[in-house]
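Have a look at the structure below, then the notes.
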Amino acid sequence: MKARHLSIIAKKEFRGLFSERTILLAVLLQLFIALFSSFLMVGLTSMYDPSSLSQYSHFRYNVGYAGNDSGMLSTLYDSPDFRVFKMDLSTGVAALKERKLAAVIWVPDTAPDADEPVKITLYTLQNDLQSAIVDVKLKDIFLKYEANLREIRSERLDALPLLLKIPSSTGGGDFFEFVYGLLIPLLVFMPAIIASALIIDLITEEYQHDTLETLVSTPVTFSEMVWGKVLACEVLVPVQAGVWLILLMINGIAIQNAGLILLHVTISSLALILLGALTALHYRERTAAQFIFSTALVVVILLALSLPSNPMNLLTRLAVGTAGAEQWIVLVIVMAVVAVLGYATQRYAERISRINHSG
Amino acid sequence: MTTLPLAGESGPEKLCMGALADIWTIAKWEVKKSFSLMNRDVLPLAVVLFVLLVVVTGFSAQSGLHIQDGMYRVGVDDPAVAQMLAGDARFMVYQLDTPTLIENRDAFDLVIVNGFVNVGEGSRAVAAQKTLERDYAKYVGSVFNEQEDLFAAYPLWIDTQGITSELDFMSTQSGQYVSAAPPRPGAPVPEGTIEQIATPSSSLSVTEDELREQLVTSNAKNTQISRYTDALSSSSSTMGTFKTPSQLSPPLPFDSIIIVFVFIFPLYFTSQFFMMSIMNERIERRGEILLSVPVKTSSIILGKMLPFFLGMLAICTALTFWIGASPLIILPLIPVIFFFLANALLIGMLARSFKELSFVSIFFSTVATSYLFFPTIFANVHVISLISPLTLIVLTMQGTAWTVTDYLYSTSLFWLTSIVLFYIAARNFKEERLFSEKGLVTRMREFLSEILSKKRPFLSLFLLSGFSIPFVFMVQMMCLVLFFNLPMPFSLICLLLLAALIEEIAKGVGIYTLYARDPAFLTWKNLVFACGATAIGFLVGEKLLLFVTLAQISDSIFGSILFLSLGSLWLPLLLHFVCVLIVACCLKKWGKAGFVPGLVLAMIAHCVYNLYFLLGWLT
C-alpha cells in the first residue's frame with residue numbers, strides 16, 4: 001500500500017465534495033445548529049427556572065385567597081413575590097379570567113392536626129408563561145406550609161429520614177446536565193456519524209455508477225482505493241468536531257480537555273467509518289447498505305451507551321473535567337476494535353480485488 | 001423487467017378510476033422492487049439486527065444509559081449518606097474521614113460533613129447541588145411513602161384547576177403582563193359577570209392506598225432512562241389533579257423533545273428510502289421504462305409515494321399505540337408526512353450524487369426538525385407554539401383539547417408547501433430533467449422554468465409569487481429563531497435585512513427564470529407587466545395567508561385591518577412592484593450577473609421602507 005495512492009484517492013474525494021459545494025451545506029448546518037442550540041438554551045433555562053428571566057423576578061403577583069384562614073396566609077403575606085387579597089371564590093376566579101389575578105387559592109377548614117390531609121384547590125391560568133412562573137413561586141409557599149404541617153403531625157411518623165442541610169440554591173445549574181451530558185456528546189459525535197454515512201456513499205457510488213473499472217485500471221489497487229476513501233472521511237471528523245467545540249465555546253460554554261475530546265472522537269469514529277465501509281463493500285448498493293448500517297448503528301450506539309464509561313460518557317467527563325485514568329483504558333479498547341475492523345476491511349477488500357482480477 | 005399491466009382506457013368517466021388503478025399498479029410495482037432490492041442478503045441480516053436491537057433495548061433498559069456517569073465528585077464522611085448517593089451514577093462518591101475532607105474540599109464539587117453540605121465553586125458544583133437536591137427529595141419521599149400514617153407524612157394536597165382566560169393572546173401580544181400590580185390599592189374587581197363557582201370539597205376523592213401507590217410510582221420514575229423518557233409513560237397518572245407540593249412544577253420541555261424525536265426520526269428514516277427510490281430511477285437512466293409507460297406523471301409519483309406514505313402512517317400508528325396515546329395525534333402528523341415526502345421527492349430528483357443526496361437530506365431534515373421542534377417547547381405556554389403541528393400532539397398527550405381552527409392554523413403551511421412541491425415535482429418528472437447532469441442551482445432554475453407557462457407567463461408569475469408565500473413565511477420563522485440569541489440591536493437589524501432579502505429572492509426568482517429561459521422576453525413592456533403580476537401575486541398571497549393564520553386569533557380585529565382597509569393596500573403593492581422592478585432592470589441591463597446586485601439594491605429599498613414605517617410607528 002502506498003501512501004501517495006491513498007492521498008490521491010482522498011484528494012479526489014475532497015475535490016468531489018468541494019466541486020458539488022455539498023461541504024458548504026455541512027458548514028451551514030453546523031452554524032445553524034449552533035445558533036439554534038443557544039436559542040434552545042435560553043428557552044430551556046427560562047422554562048426550567050423562570051426566575052432566571054430577570055424581568056419577571058421583581059414582579060409582585062396578585063393572588064386571591066378564598067376559604068378559611070390557615071398558617072399559609074401569613075407566609076403569603078410575608079412573601080415578596082405576592083400581593084394577597086382575601087376574597088370570595090367566585091369573584092376571584094372571575095378576576096383570574098380577566099387576568100387581574102395570577103392565581104386563586106381555596107383553603108378548607110381542615111384542622112392542621114386532623115387525621116385527614118389538608119386539600120387546597122389552586123386555580124391558575126392555562127397557556128401562559130407567567131402562570132408557569134407563578135406556579136414555581138407558589139410551590140415554595142406550599143412547601144413551607146407542608147413542612148409546617150408535617151412538624152405539627154410529626155409524632156405520628158414512625159421513621160425520619162437522614163437530615164441533610166443543603167444551602168439554598170443560587171439559581172441556574174439545571175441546564176448544565178443538558179449541555180454537558182447530552183448536547184456536547186451528541187454534537188461532537190455527529191461528525192462521526194456523518195462520516196460513516198459518507199463512506200457508504202463514496203463506495204457504493206463507484207459500484208452503482210460503474211466507475212470502479214476505470215479506477216482499478218489505474219496503478220491504485222482496490223484496497224488502496226478503499227483506504228483512501230476511509231482517510232478522506234476520517235480527516236473530516238476532527239475538523240468538524242473541532243468546529244463544534246469552537247462554536248460552543250463562542251456561545252459561552254466552557255469546555256475542558258478539547259484536545260483529548262478530539263482524540264477520542266477521531267479514534268471512535270474510525271470504528272464507525274470502517275463498519276460503514278464493510279457494509280458498503282458487502283452490499284455495493286446504497287439503499288441496502290444504508291439501511292443495514294443505520295440499523296446496526298442504532299444497535300451499536302445503544303449498546304455502547306448501556307455500558308459504563310463508554311466513549312460518549314467519556315466525552316461528557318472530559319468536557320466537565322472529571323475524567324480520570326480510565327479514559328486510556330477505554331481508548332485502548334476502542335483501538336482494539338478499530339484494529340479488528342481494519343483487519344477485516346483489508347482482508348475483505350483484498351478478496352474482492354482477487355475475485356475481480358480472476359473474473 | 002416486470003411489465004406493467006395498466007388500466008389505460010380512455011374516456012372521461014373512466015379517467016378517474018383509471019388513474020386510481022394506475023397509482024395502485026405503480027405502488028405494487030414499487031413495493032415489489034424495494035423487496036427485490038432488499039435481496040436475500042439483506043433480509044436475514046435485517047432480522048438478526050432487529051433481534052439484536054430488541055435484546056440491546058432490553059439490556060439498556062436494565063442497565064440504564066450511562067451517558068452522564070461520574071459528572072460530579074462528592075466527598076462524604078457518613079456511610080449512610082454514601083449509601084443514599086450510590087444509586088445515582090452521576091456522582092462519584094468518595095467516603096473519607098472528616099479532617100481529610102475539609103482539607104481537600106477543593107477537589108470535590110460537594111462535601112457533606114455532619115449532614116452539612118458544602119458547595120464548591122463553579123457551575124459544575126452548582127449543578128451538582130441541584131442534582132443532590134433532587135436525589136435527596138427522592139430519598140425523603142421514599143422514606144415518607146413507607147409511613148403508616150400517610151397523611152402525617154403528606155399533610156398537604158393540592159388540586160390544580162386550569163382556567164382558560166378569554167384574553168390570552170391579545171394581551172400578551174400587546175405586552176400586558178398577567179395581573180400587573182393594580183394602580184390603586186384594594187382587591188381587583190372583575191368587570192364581567194361573575195359565574196358562581198361551587199365550593200370545592202375538603203376531602204380527597206381517592207383512597208389513601210391509591211395515593212400511596214401514585215407517590216411510589218412517581219418517586220420511582222426518576223431512574224437513569226426516565227430522565228429522558230418520562231414523557232412516554234404518559235405522565236398523567238390516574239390521580240388526576242391531586243398533587244403534593246413537591247410534585248407541583250411546570251411542565252418540562254424535555255417531554256416535547258422526546259416526543260418530537262420519537263415521531264420525527266422514523267419519518268426521516270422512511271423518507272430516506274423514498275429519496276433513494278427516486279434517485280435509483282435516475283442512475284443509469286433506469287427510470288426510462290417507467291417514463292415510457294402510458295401513465296400520467298402524477299400517477300407515477302403518487303404510486304411511488306403511496307407505499308412510503310402508508311408505511312409512515314403505519315409506523316406512526318404503531319408508535320401511538322405503543323405509548324398509549326389517543327389516535328387523534330395521527331391527524332397533525334399527516335401533513336408532516338406529506339411535507340417530508342414532498343421534500344424527499346424533490347431532493348431525490350435534484351441531487352446529482354449520493355454524497356449530495358446525503359448532505360442535502362441531512363440539511364433538510366435538521367432544518368425541518370428544528371422548525372417542528374422549537375415551538376413545541378412553548379406548548380403549555382403560548383399560542384404561538386401552534387405554528388408547529390407537533391404542538392397538537394403534545395396537547396393531545398396532555399389531554400388538552402384543540403379545535404378544527406387550531407388544526408388548520410398549525411397545518412396549513414405544511415399542506416400548502418407540500419402541494420406546491422408536489423406540483424413542481426410532477427411537472428418536472430420527465431426525461432430531460434431526471435437524467436440531466438447539471439449543477440444544483442441550474443437544475444432548480446430549470447425546475448421552476450418548467451412550471452412557468454410559455455403562453456401565459458404573467459399568470460404563471462402571479463401564481464408563482466403567490467405560492468411562494470408559505471415558503472417565505474417558513475424561512476422567515478427560521479430566521480427569527482436564528483437571530484433570537486444575538487444581542488438586541490443586531491438581532492433586529494439582521495432580521496430586517498434577511499427578511500427583506502428572502503422576500504426579494506422569492507419575488508425575483510420568477511423573472512430571473514424567465515430571463516434565463518429567453519432573454520428576448522424581457523422587453524420593457526413585458527418587464528413592467530411581469531413586475532406587476534409578481535407584485536400583485538405576492539401581495540394577494542401574503543394577505544390571504546395572514547388572514548387564514550391570524551383569523552383564528554381574532555377574526556374581528558385582524559380581519560377588519562386586512563380587508564376593510566383596502567385603501568392602504570396600494571402602499572405595500574407599490575413597494576413590491578418597485579423592488580421587483582429594480583431586480584428586473586438590473587437583469588435587463590447587466591444580464592444574469594445583475595441578479596445579485598439587483599437583489600441587494602431591492603433589499604436596501606425594502607429595508608428603508610420597513611425602517612420608515614417601523615420608526616414612524618415607534619414615534
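Things to note:
- Amide N proximity, region A:96-117 versus A:Leu157 label position 7 Å along Cα-to-Cβ, cut-off under 19 Å: A:112-117
- Comparing Cα centroids, region A:217-239 and region B:428-481 end up 38 angstrom apart.
- Table column - 3J(HN,Hα) (Hz), region B:54-65, Karplus curve with 6.51, -1.76, 1.60, x for Gly and Pro: 4, 4, 5, 4, x, 4, 6, 5, 7, 8, x, 8
- Positive-end ranking of A:Trp106, A:Pro311, A:Ser269 along the dipole of chain A, with charges on Cβ about the Cα centre, is headed by A:Ser269.
- Greater than 32 Å apart at Cα, pairs in B:Lys438/B:Lys589; B:Lys28/B:Lys507; A:Lys86/B:Lys130; B:Lys32/B:Lys296; B:Lys355/B:Lys454; B:Lys430/B:Lys543: B:Lys28/B:Lys507; A:Lys86/B:Lys130; B:Lys355/B:Lys454; B:Lys430/B:Lys543
- Among the residues of B:191-198, the average count of other protein chain beta-carbon atoms within 10 Å of the residue beta-carbon is 5.
- Exercise: per-residue mean of other protein chain Cβ atoms within 10 Å, B:603-612: 0
- If R0 is taken as 35 Å, the Cβ-Cβ distance between B:Ala593 and A:Val235 corresponds to a FRET efficiency of 0.45.
- In chain A, the DSSP-assigned H stretches of four residues or longer account for a calculated mean residue ellipticity at 222 nm of -22500 deg cm²/dmol, using -39500 (n - 2.57) per stretch and the full residue count as denominator.
- DSSP bridge orientation in chain A - percent antiparallel, rounded to nearest 5: 30 percent
- Pairwise centroid distance, computed over Cα atoms, of region A:300-359 with region B:279-343, Å: 36 Å
- Inter-probe distance in nm under a simple model that places probes 7 Å from Cα toward Cβ, at B:Val608 and B:Asn526: 3.0 nm
- Here the 3J(HN,Hα) profile of region B:468-477, calculated from phi with Karplus coefficients 6.51, -1.76 and 1.60 at θ = phi - 60°, is 6, 4, x, 5, 4, 4, 4, 5, 5, 4 Hz, Gly and Pro shown as x.
- Size of electric dipole in region A:56-151: Cβ of Lys, Arg +1 and of Asp, Glu -1, about Cα centre, debye, nearest 20: 500 debye
- The modelled label-to-label distance between A:Arg284 and B:Thr317, using points 7 Å beyond Cα along the C-beta direction, is 3.9 nm.
- Within 10 Å of each Cβ in B:133-143, the average number of Cβ atoms from other chains: 3
- Residue order, fewest to most surrounding Cβ atoms within 10 angstrom, among B:Ile505, A:Ile200: B:Ile505, A:Ile200
- Full extension of the chain between B:Ser326 and B:Ala107 yields a length gain of 73.8 nm, computed as 0.36 nm times the residue separation minus the alpha carbon distance.
- When you filter the trypsin sites (Lys or Arg not before Pro) in region B:24-85 for DSSP loop state and at most 15 other Cβ atoms inside 10 Å of their Cβ, you are left with B:Arg40.
- The string of couplings for region A:282-298 from the Karplus curve (6.51, -1.76, 1.60, θ = phi - 60°) is 6, 8, 6, 8, 5, 4, 5, 5, 5, 5, 4, 5, 5, 5, 4, 4, 4 Hz, one whole number per residue in order, with x for Gly and Pro.
- Relative exposure of B:Leu574, B:Leu601, judged by other C-beta atoms within 10 Å (fewest first): B:Leu574, B:Leu601
- Each of B:Asn118, B:Leu101, B:Phe144 was scored by the projection of its Cα onto the charge dipole of region B:72-146, and the greatest displacement toward the positive side belongs to B:Phe144; charges sit on the C-beta of Lys, Arg, Asp and Glu.
- Basic side chains Lys and Arg get +1 at the Cβ, acidic Asp and Glu get -1 at the Cβ, and with that the dipole of chain A about its Cα centre reaches some 1060 debye.
- Ranked list, fewest to most other Cβ atoms within 10 Å of each Cβ, for A:Trp227, B:Trp590: B:Trp590, A:Trp227
- Partners for B:Lys455 among aspartates and glutamates (Cα-Cα distance below 15 Å; same-chain residues under 8 apart left out): B:Asp518
- FRET E, pair B:Arg285, A:Leu260, Förster distance 45 Å, beta-carbon r, rounded to 0.05: 0.35
- Value in Å of the Kirkwood radius, where region B:250-451 supplies the Cα pairs that are averaged: 17.8 Å
- Overall shape: oblate for region A:67-196, with the ratio a/c of the largest to smallest alpha carbon gyration tensor axis at 1.5 or above and b/c at least equal to a/b.
- Amide H contacts of A:Tyr61 (H built 1.01 Å from N, under 5 Å, at least 5 apart or other chain): A:Phe82, A:Arg83
- With a Förster radius of 22 Å applied to the C-beta separation of B:Ser292 and B:Trp24, the computed FRET efficiency comes to 0.70.
- P(r) tail, chain A: Cα-Cα pairs separated by more than 37 Å, 46% of all pairs.
Here, each number is a calculation from the coordinates, and none is a lab measurement. Treat the numbers as computed from the prediction; the structure is a model and nothing was measured. Counting neighbours? That spans all protein chains shown, and the Cβs are built from the backbone with ideal geometry, glycine included.
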